[in-house]
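Note sheet for the following structure.
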Amino acid sequence: MCDTQNMKYAIDVGYRHIDGALVYFNEHEVGQAIREKIADGTVKREDVFYCGKLWNTFHPPELVMPALKRTLKTLELDYVDLYIIELPLAFKPGDVFYPKDENGKEVYHDTDLCATWEALEACKDAGLTKSLGVSNFNKRQLELILNKPGLKHKPVTNQIECHPYFTQPKMMEFCKKNDIIIVGYSPLGTSRDPSWVNLKSPPLLEDELLVSIGKKYKKTSAQVALRFNVQRGVVVIPKSFSPKRIKENFEIFDFSLTDDEMKEIEGLNKNIRFVELLMWSDHPEYPFHDDY
């Protein structure tokens, strides 16, 4: 995943939103980079927006705060800016992140998303996180939280796959109505890893329209795809390990797409989900069976 040097370089380039997670197994390196850039005066702690994630094996309410405290201890930070439920899928609780039975089948756990959410609210009340959100939740699952009796803190974000081939218009509209910000992961499509990605999907960055618009502005197709989402009000979290690409992905604020170009790119939507997570499609709370 991310090493300390790449993270420090990204902060030097200007990145301030850092999307992390316990299961990325790099919180130590990321925390070290943040602390070193604070120490050398590049940023203050309040300049950096760190998002942490609650993994599937820590959904029972009594495990939520210890999981966040574990993240904070690894990062060596006092708080995260945003803490989100990574997936609405609960796995067998414990420290084995991908629990399986003797036949190699995933071991699930009964999910009570509202109870998990209440435990997250306690984390915010304790000052361990500034705000709360979710990821990969469908409309029904979001409504479960939003309509929960006695809701104290509503989700401020839903982190979902979002790019020109998967523009998520219905979820965009629903979240806008409920003042929930969409954070778009895989905004450039995604790596072609057959273990979790649908390889039948065409590579987004080779799209002729994105390439041609990029030529007009002397930008890459990746920069056009990122700019498209930013202009729609979607927060983008591109992932890269290359300093050249880290810098390029940030250089999207010196041009704007016209209304016609935005419409053309919207027209590319194929409802293609690269990250289908089909290995968990038999989970009762698998979110992608629903229309949105």
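The values are calculated or read from the model by the stated rules, or taken from the named source; none is laboratory data. All figures in this text were calculated on a predicted structure; none of them were measured in a lab. Glycine also receives a Cβ, built like all others from the backbone with ideal geometry; neighbour counts cover every protein chain displayed. For the accessible areas, the whole protein counts, side chains as well, though only heavy atoms, and no ligand, DNA or RNA atoms are used. Shrake-Rupley method; radii C 1.70, N 1.55, O 1.52, S 1.80 Å.
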*Which one is most open to solvent (accessible area, probe 1.4 Å) among residues in the stretch 197-230 that are in contact with a Leu (Cβ under 7 Å, 6 or more places away or on another chain) and without any contact (Cβ under 8 Å) to a residue 24 or more places away in the chain?*
LEU205
*Considering only residues of the stretch 271-292 that are among the acidic types (Asp, Glu) and surrounded by 11 or more Cβ atoms within 10 Å (Cβ to Cβ), which is farthest from ASN138 (Cα to Cα)?*
GLU276
*Can you tell me which of THR129, THR116, THR157, THR111 is surrounded by 19 or more Cβ atoms within 10 Å (Cβ to Cβ), at negative phi and modelled with pLDDT under 95?*
THR111
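Residue-by-condition table, conditions (1) within 21 Å of the chain's Cα centre (by Cα); (2) hydroxyl-bearing (Ser, Thr, Tyr); (3) on the phi > 0 side of the Ramachandran plot:
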{"residue": "GLY31", "(1), (2), (3)": "yes, no, no"}
{"residue": "VAL43", "(1), (2), (3)": "no, no, no"}
{"residue": "PHE49", "(1), (2), (3)": "yes, no, no"}
{"residue": "LYS53", "(1), (2), (3)": "yes, no, no"}
{"residue": "THR57", "(1), (2), (3)": "yes, yes, no"}
{"residue": "GLU62", "(1), (2), (3)": "no, no, no"}
{"residue": "THR71", "(1), (2), (3)": "yes, yes, no"}
{"residue": "TYR83", "(1), (2), (3)": "yes, yes, no"}
{"residue": "VAL96", "(1), (2), (3)": "no, no, no"}
_I'm trying to understand the selection: among the residues of the stretch 234-265, which are within 21 Å of the chain's Cα centre (by Cα) and of a type in the set (Asp, Glu)?_
GLU248, GLU251
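Across the stretch 21-49, what is the total count of residues that are touching a strand residue (DSSP E or B) at 6+ places or on another chain (Cβ under 6 Å) and modelled with pLDDT under 95?
Result for the stretch 21-49: 1.
Results for (1) assigned to a strand (DSSP E or B); (2) of a type in the set (S, T, N, Q), shown as yes or no for each residue.
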| position | (1), (2) |
| --- | --- |
| THR111 | no, yes |
| CYS123 | no, no |
| GLY133 | yes, no |
| PHE137 | no, no |
| GLN141 | no, yes |
| ILE145 | no, no |
| LYS148 | no, no |
| LYS154 | no, no |
*Selection count, the stretch 248-265, where residues are open to solvent by less than 90 Å² (accessible area, probe 1.4 Å), out of contact with any Gly (no Cβ under 8 Å at 6 or more places or on another chain) and part of a helix (DSSP H, G or I)*: 5
*Examine the stretch 144-153 for a residue that is surrounded by fewer than 14 Cβ atoms within 10 Å (Cβ to Cβ), modelled with pLDDT under 95 and of a type in the set (Gly, Ala, Ser), and state whether such a residue exists.*
no
